[in-house]
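Okay, so here's the structure we're looking at.
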Amino acid sequence: MADFLNQWGGAIWDGFIQTMQMTVISLLFSIIIGLPLGVLLVLTRKNGQLENVVIYTVVNSVINVIRSIPFIILLFFILPFTKAVAGTTIGVRGVIVPLVVACAPFIARLLESAMLEVNRGVIEAYQSMGISTPKIIWHVIIREARSSIILGLTIAIIGLIGETAMAGFVGAGGLGDLAYQFGYVRFQPDVMYAVIIILIVIVQIVQTIGNVVARRLKKN
Amino acid sequence: MIKLQHVSKTFSVGKNKIEALKDVSVEVNRGEIFGVIGYSGAGKSTLIRCVNLLERPTSGKVFVDGVDIQSLNKKDLLKLRRKIGMIFQGYNLLETANVYDNVAIPLKLEGISGDEIKARTEKYLEIVGLKDRSKAYPSQLSGGQKQRVAIARALAHEPEVLLSDEATSALDPNTTDSILELLLKVNRELGITIFLITHELDVIQRICDRVAVMDKGRIVETGSVVDVFTRPTEAMTKQFVHDEARFRIPPTIFKDLIATGKLVNLTFIGESAKDPALATMAKRYDVLPSIIAGGIDQLKDQSIGNLLVHIKGDQGKVDEAIHFLKSRQIVVEEVSE
């Protein structure tokens with residue numbers, strides 16, 4: 001055990017930090033992009049507050065197209081775009097762009113379904129009180145959906161952690177890369193086992209926190 | 001206060017067009033409680049939602065306080081809606097906010113100052129009798145309590161009109177009574193005009209001054225509650241009144257009664273209840289009345305008594321006796337089927 005830690009502890013710690021960096025940074029960007037997209041979908045859909053068939057169809061289709069492409073392919077498919085946006089296609093910096101491109105539409109979808117669960121009657125009650133649509137979005141729809149939103153984001157985070165494993169292909173490192181490079185390519189299964197255990201623990205912690213926060217926010 | 005003129009509303013569902021409102025005109029006076037009654041699907045909900053433009057009429061005009069509200073721009077419409085409170089069958093409270101916040105949050109969103117929000121929230125929670133439940137969440141409240149919160153929320157905007165969309169329809173009879181009491185208090189003590197829709201006759205009888213009866217998107221009868229329910233002229237109104245207010249006699253008993261005399265339904269309004277008309281009739285025309293069933297309904301300002309009376313005697317005498325009753329300000333209706 002001591003030997004294993006001496007030999008691999010540093011590499012695993014670095015991988016852990018890289019995975020966390022990729023996940024947290026991509027998550028933030030994905031929320032910044034995904035939340036407005038989700039709201040846009042809710043508002044512009046049929047019978048929405050700002051019903052608009054054109055906007056809804058375009059956004060809806062683009063999200064479906066991106067979500068159809070497996071991440072490993074998306075990663076290479078959008079290399080030119082990544083280069084243009086991030087200035088590089090390798091390293092943690094280079095992998096954030098594809099992670100966000102993959103995750104933001106997913107978050108938009110998750111938030112859309114969370115927000116659609118909000119009782120239309122409550123929205124109507126606030127309309128009847130002369131409250132403007134932007135305020136209703138924030139103080140009624142997002143507020144009432146916040147528990148489902150947290151559960152949705154939990155799913156997105158766990159998905160992101162999985163996707164970071166493929167980041168190794170563009171030299172971004174991370175736990176997944178470590179498991180692949182050493183555990184598989186160089187056949188050192190104990191490294192792979194260690195990484196798997198760490199990933200399981202991370203996912204358990206994320207899901208548990210998500211569940212607890214969601215329950216606290218639900219208030220009933 | 002509220003005036004709807006020739007309002008029609010057509011919904012398109014796929015290729016089908018559904019006419020929810022057909023040339024409806026209604027006027028609600030300041031300070032009164034006006035009720036619209038009708039079965040579900042009659043268009044009541046659409047009608048009440050036209051008053052604050054949650055639903056826009058396909059044609060026709062809506063005036064609130066003399067203002068043609070369809071001509072208002074977005075900002076003015078929002079302002080106008082604050083003068084019109086609304087409560088719903090489903091309460092429509094924020095599940096994630098406690099009682100206090102459910103009342104306070106809309107005020108905050110309206111841009112009212114902090115001190116004022118606190119004062120109003122406390123005042124109106126006191127009025128609806130829920131001040132001690134400020135910290136409770138809607139999921140911890142009964143249906144009646146939730147509706148009280150919704151009423152406090154509507155009142156906190158200090159509106160001139162309160163719209164009630166089937167506010168008591170999901171409540172049990174006792175709770176319905178207490179909510180109706182509260183609405184009466186709101187009307188009398190705060191001077192708020194109430195426009196309500198319901199499918200319950202009881203609601204109309206208990207608190208309304210005037211009523212409109214709706215059927216298939218049209219208003220078929222309008223008038224004071226006493227008039228409409230003691231002298232219904234339209235089939236739909238009669239159906240409502242008979243559904244709820246009249247007596248059900250088992251068919252076999254009914255047959256016997258009809259064979260031996262005449263059956264009349266007498267409606268006494270207010271003062272006429274004190275007139276010993278039946279006794280006088282029996283004496284003067286030498287007929288034998290017997291009371292089969294009876295009941296009394298409390299309307300907002302007066303009571304209505306109903307008697308189902310069987311009159312036995314000489315054919316000519318019975319007819320004269322019935323004519324006599326009609327002359328005594330009693331609504332007489334012969335029951336023959």
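Net charge in the neighbourhood of A:GLY130 (other residues with Cβ under 14 Å of its Cβ; Lys, Arg +1, Asp, Glu -1) is +4. Sorting A:TRP8, A:TRP138 by the number of Cβ atoms found within 10 Å of their own Cβ, with the fewest placed first, yields A:TRP138, A:TRP8. Taking the square roots of five times each eigenvalue of the Cα gyration tensor of segment B:246-334, the equivalent ellipsoid has semi-axes of 22, 18, 9 Å, listed largest first.
Bridgeable lysines around B:LYS118 (alpha carbons under 17 Å apart, same-chain partners fewer than 8 residues away excluded): B:LYS108, B:LYS131, B:LYS135.
Each peptide among B:283-293, A:37-47 gets the average number of other Cβ atoms lying within 10 Å of its residues, and from highest to lowest they stand as A:37-47, B:283-293.
Considering only DSSP beta bridges whose two residues both sit in the protein assembly as shown, what percent are antiparallel, to the nearest 5? Just about 70 percent of them are antiparallel.
Quick one: if the Förster radius is 35 Å, what FRET efficiency do A:TYR184 and A:LYS46 give, using the C-beta to C-beta distance and rounding to 0.05? It comes to 0.10.
In segment B:1-100, the inverse of the mean reciprocal separation of distinct Cα atoms equals 15.0 Å; this is its Kirkwood hydrodynamic radius.
Here's how it looks for B:ILE292: its modeled amide H is under 5 Å from those of B:LEU308, B:VAL309, B:HIS310, which are all 5 or more places away or on a different chain.
If you fit an axis through the alpha-carbon atoms of helix B:251-260 and take the longest principal axis of the Cα set of chain B, what angle between them do you get, 0 to 90°, nearest 10? In chain B, helix B:251-260 runs at an angle near 40 degrees to the longest axis. Calculated from the alpha-carbon coordinates, segment B:2-242 shows an Rg and a Dmax of 18.0, 54 Å respectively. Of all DSSP-defined beta bridges confined to chain B, some 70% are antiparallel rather than parallel. Near A:LYS46, which lysines are there with a Cα under 18 Å away, not counting those fewer than 8 places off in the same chain? Cα-Cα hits under 18 Å: B:LYS15, B:LYS17.
Footprinting exposure proxy ranking of A:MET192, A:MET129, fewest other C-beta atoms within 10 angstrom first, gives A:MET192, A:MET129. Note that segment B:261-270 has calculated 3J(HN,Hα) couplings of x, 10, 10, 10, 9, 10, 10, 9, 10, x Hz, one per residue in order, obtained from phi through the Karplus relation 6.51 cos²θ - 1.76 cosθ + 1.60 (θ = phi - 60°); glycine and proline are x. Can you list residues from other chains, or at least 5 along the same chain, whose modelled amide H is less than 5 Å from the amide H of B:MET86? For B:MET86, whose amide H was placed from the backbone, the distant partners under 5 Å are B:LEU163. The residue list B:PHE195, B:ILE84, A:GLY10 was ranked by how far each Cα lies along the charge dipole of the protein assembly as shown toward its positive end, using unit charges on Cβ atoms, and A:GLY10 comes out on top.
Averaging Cα coordinates gives a centre for segment A:148-176 and one for segment A:30-100; these two points are 16 Å apart.
Normalised by 2.2 N^0.38 Å, with N the number of residues, the alpha-carbon radius of gyration of the protein assembly as shown equals 1.40. May I ask you to derive the FRET efficiency for B:GLU126 and B:SER59 from their Cβ-Cβ distance with R0 = 51 Å, giving the value to the nearest 0.05? Computed FRET efficiency for B:GLU126 and B:SER59: 0.70. Entry note, chain B: relative contact order of 18 percent, from Cα contacts under 8 Å with a spacing of 6+ residues. Computed from the C-alpha gyration tensor, the three semi-axes of the ellipsoid equivalent to segment A:95-175 are 36, 11, 8 Å, from longest to shortest.
When N is the residue count of segment A:7-218, what does its C-alpha Rg come to as a fraction of 2.2 N^0.38 Å?
1.16
Within the same chain, lysines fewer than 8 places from B:LYS262 are excluded, and of the rest, those with a Cα less than 18 Å from its Cα are B:LYS283, B:LYS312, B:LYS317, B:LYS326. Calculated FRET efficiency, A:PHE4 to A:VAL62, Cβ-Cβ distance, R0 = 45 Å: about 0.45 to the nearest 0.05. Placing one equal scatterer on every Cα of segment B:107-168 and applying the Debye formula, the log10 ratio I(q)/I(0) at q = 0.13, 0.14, 0.28 Å⁻¹ is -0.35, -0.41, -1.28. Overall, the protein assembly as shown carries a charge dipole of about 920 debye about its Cα centre when +1 sits on the Cβ of Lys and Arg and -1 on the Cβ of Asp and Glu, all other atoms neutral.
Please give the net charge around B:GLU271, taking every other residue with its beta carbon less than 13 angstrom from that of B:GLU271, where Lys and Arg add +1 and Asp and Glu add -1. With Lys, Arg at +1 and Asp, Glu at -1, the net is 0.
Every number in this text was worked out from the coordinates using simple rules, so none of it is lab data. Because the structure is predicted, anything quoted here is derived from the model rather than measured. Please note: Cβ atoms are built from the backbone with ideal geometry, for glycine as well, and neighbour counts cover all protein chains shown.
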